[in-house]
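Here's the structure we're looking at; comments come further down.
The values are calculated or read from the model by the stated rules, or taken from the named source; none is laboratory data. Note that the coordinates shown come from a computational prediction; the quantities given were computed from them, not determined experimentally. Cβ sites come from the backbone with ideal geometry, for glycine too, and all protein chains shown count toward neighbours.
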Amino acid sequence: MASKKGVWLTIVILIAITTASFFVWLTPQRYDATFVVSDFKSHLDGIKEIHRVLVDGIEKEFQKMLNGDITPDQFIEVAEISSSQINSQIIQLVESNASQEWQESYLNYIEALRATNSNIRETIVVANMIKEGSDKQNIEEILKKIDQLKEESKSFVSASDSTRP
């Protein structure tokens, strides 16, 4: 059997650990996360790859919705997540404090991301129109606008590529 002194010592140690853990857990932490980008080419390449994956994904899901494989509500959920991720990429580019030589390329890519976000918003409009049973002519008009936004995004990507140092 353990001695009374040993039991009490164990209890005191457990109370001390629990109290210390509680104070660490309750103490507000302040983390101002800042990312220092020193390789602007790799940073932009990474964002470009994420952008490509998001665009491919949203286009596939949009086609699925148009074909009736998924519901408009399911598509809207995916589209909103994709839009949020595009916004995150825009913020990363803005906060990267690109050097002067990379500034124009970054600005063009930000515009490409914004056009993609507008495209996503328009696909959500189409999804809502399908839910409401709008006529095909109104939907066709929005689909034309979506195609224009895709082309606009591609032209900004090209401009970004051509202005790289």
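A few comments on the model shown:
- A count restricted to region 95-140 and to residues that are within 30 Å of Leu66 (Cβ to Cβ) and either of a type in the set (A, V, I, L, M) or touching a strand residue (DSSP E or B) at 6+ places or on another chain (Cβ under 8 Å) (or both) stands at 12.
- Yes/no for Ile139 being under 14 Å from Leu54 (Cβ atoms), touching a helix residue (DSSP H, G or I) at 6+ places or on another chain (Cβ under 8 Å), at pLDDT below 95 and not in a loop (DSSP other than H, G, I, E, B): no
- The set of residues in region 89-115 being surrounded by 13 or more Cβ atoms within 10 Å (Cβ to Cβ) and small (Gly, Ala, Ser) consists of Ser96, Ala98, Ser105, Ala112, Ala115.
- Evaluation of Ser134 against (1) buried (at least 17 other Cβ atoms within 10 Å of the Cβ); (2) over 20 Å from Ser160 (Cα atoms); (3) not charged (D, E, K, R) (one fails), failing number: (1)
- Inspection of region 59-76 finds a residue satisfying the criterion of being among the charged types (D, E, K, R) and not in a helix (DSSP H, G or I).
- Selected residue [of a type in the set (S, T, N, Q), in a helix (DSSP H, G or I) and touching a His at 6+ places or on another chain (Cβ under 8 Å)] from Thr123, Thr116: Thr116
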